Amino acid sequence: NRTVITYGTFDLFHVGHVRLLKRLANLGDRLVVGCSTDQFNELKGKRTIMSYAQRKEMLEACRYVDSVFPESNWEQKREDILREQAAIFAMGDDWAGKFDDLADIAEVIYLPRTQDISTTEIKELVSSV
Ligand code: C2G
């Protein structure tokens, strides 16, 4: 069977995330997601609204996701791919090229982002009402 692996913060879970996960799920028969921990998001300089526990729960509730594990640093992807025996590593194309070093152990794919939605835009919309 064919496992797909991806990573992200997935704060304020929205259709951009859902449409990516749906496409990823269609690339194989198992999708595993590395969800950024609160500490790693600080390292990424990313402020989140939802805690890791809440973001993980929302991902686990998504029909396209088979399992969620913590992403706590930049260096763990290679060992995750080997542990999960992932055939495909995929991200949205805002990351295009950034993870090509993993191409020796998995197919590396970047998929187009969903336009006109992002956690940042949602925050702006909410603060403007
Ligand atoms: N995404 C998308 N369309 C959007 C918003 C996000 O396709 N409108 C995709 C991103 O390209 C990414 C995934 O959804 O592949 C998760 O997005 P974020 O939560 O913003 O992930 P990010 O903070 O970029 O974390 O080690 C990798 C990092 O953990 C990625």
Checklist entry - Quick one: putting +1 on the C-beta of Lys and Arg, -1 on the C-beta of Asp and Glu, what dipole do you get for the chain around its Cα centre, in Debye to the nearest 20? => result 300
Checklist outcome for this item: Of the accessible area of the chain, computed with a 1.4 Å probe and all protein chains kept, carbon and sulfur make up a percent value of 51
Next on the checklist: Relative contact order of the chain, please, whole-number percent, based on alpha carbon pairs below 8 angstrom and at least 6 residues apart.
Outcome noted: 31
Checklist outcome for this item: Residue-normalised 222 nm signal for the chain, counting each DSSP H run of n ≥ 4 as -39,500 (n - 2.57), nearest 500 deg cm²/dmol, is -10000 deg cm²/dmol
Checklist entry - Hey, what's the chain come to in accessible area per residue, 1.4 Å probe, Å²? => result 56
Checklist outcome for this item: Surrounding charge for E121, neighbours by C-beta under 13 angstrom, Lys/Arg +1, Asp/Glu -1, total -1
Item to check | Sequence-separation-based contact order of segment 1-72, relative, with Cα cut under 8 Å and 6+ spacing, percent | outcome: 40
Checklist entry - Cβ under 12 Å from L59's Cβ, L59 left aside: what net charge do those residues give with Lys, Arg +1 and Asp, Glu -1? => result -2
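The values are calculated or read from the model by the stated rules, or taken from the named source; none is laboratory data. What you are looking at is a predicted structure, and each value in this text was computed from that prediction instead of being measured. Cβ: placed from backbone, ideal geometry, glycine included. Neighbour counts: every protein chain shown. Only protein heavy atoms, including side chains, enter the accessible area calculation; ligands, DNA and RNA are left aside. Shrake-Rupley method; radii C 1.70, N 1.55, O 1.52, S 1.80 Å.
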